[in-house]
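See structure below.
The values are calculated or read from the model by the stated rules, or taken from the named source; none is laboratory data. Bear in mind the structure is a predicted one, so any value in this text is a computation, not a measurement. Cβ placement follows ideal geometry from the backbone for every residue including glycine, while neighbour counts extend to all protein chains displayed. Ligands, DNA and RNA are excluded from the accessible area calculation, which covers all protein heavy atoms including side chains. Shrake-Rupley method; radii C 1.70, N 1.55, O 1.52, S 1.80 Å.
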Amino acid sequence: MTDTIDRPVVLDLDDDVRERPVVTRRPMHAPAPAYQPLSATVRYPPGPVPDLEDAVPEPTPVRTPRQWPRLRLRVDLRIRPSAWPRSRVAAGLLGIFLGAFGLHRMYLGYWRRGLTMLAITVVGGFFTLGLAALAMGLWGFTEGLLVLSVRRGRYARDAYGKLLRG
């Protein structure tokens, strides 16, 4: 930085000095620009850059009725999230009274676990003379009580992460 005086002033201490010299500090180098040029921030691909007028959209082909693909009947078995929140009381009562069949799990959206409980109760109960059905009933009863009593955590939400109402 250098100091420069805008105009030469002779200072006389005896006179009443009403003006003082103005000292301006000027930087040695030019100031950096307040913005960065676009070429410093954007990397362009090598070669000529096409103009917007050069880009012509390709026409979309029109299909004739013969070119349409055959329609196949396709059933979507994926379970979609429900639009409304599930009831804690309904899930708890299903677990207490019909928990062996896994209906409370199916109601909350856990279809695979509910169908597994149903299969173990029906098939396993037949081969074990009801012992597997008794175990599934105890498991469902316990889960029904947990759904009714727990307000936070795993038993307070359905399969899609929504809080149970009620």
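Collect the residues in the range 99-115 that are within 31 Å of the chain's Cα centre (by Cα) and in a helix (DSSP H, G or I), keeping them in residue-number order.
Matches in the range 99-115: Leu103, His104, Arg105, Met106, Tyr107, Leu108, Trp111, Arg112, Arg113, Gly114, Leu115.
Among the residues of the range 116-141, how many are in contact (Cβ under 8 Å) with a residue 24 or more places away in the chain, within 36 Å of the chain's Cα centre (by Cα) and buried (at least 19 other Cβ atoms within 10 Å of the Cβ)?
1
Could you list all residues from the range 149-165 that are aliphatic (A, V, I, L, M), in contact (Cβ under 8 Å) with a residue 24 or more places away in the chain and open to solvent by less than 60 Å² (accessible area, probe 1.4 Å)?
Going through the range 149-165, the residues aliphatic (A, V, I, L, M) turn out to be 150, 156, 159, 163-164.
From the residues that got through so far, the ones that are in contact (Cβ under 8 Å) with a residue 24 or more places away in the chain too are 156, 159, 163-164.
Within the range 149-165, Ala156, Ala159, Leu164 meet the criteria.
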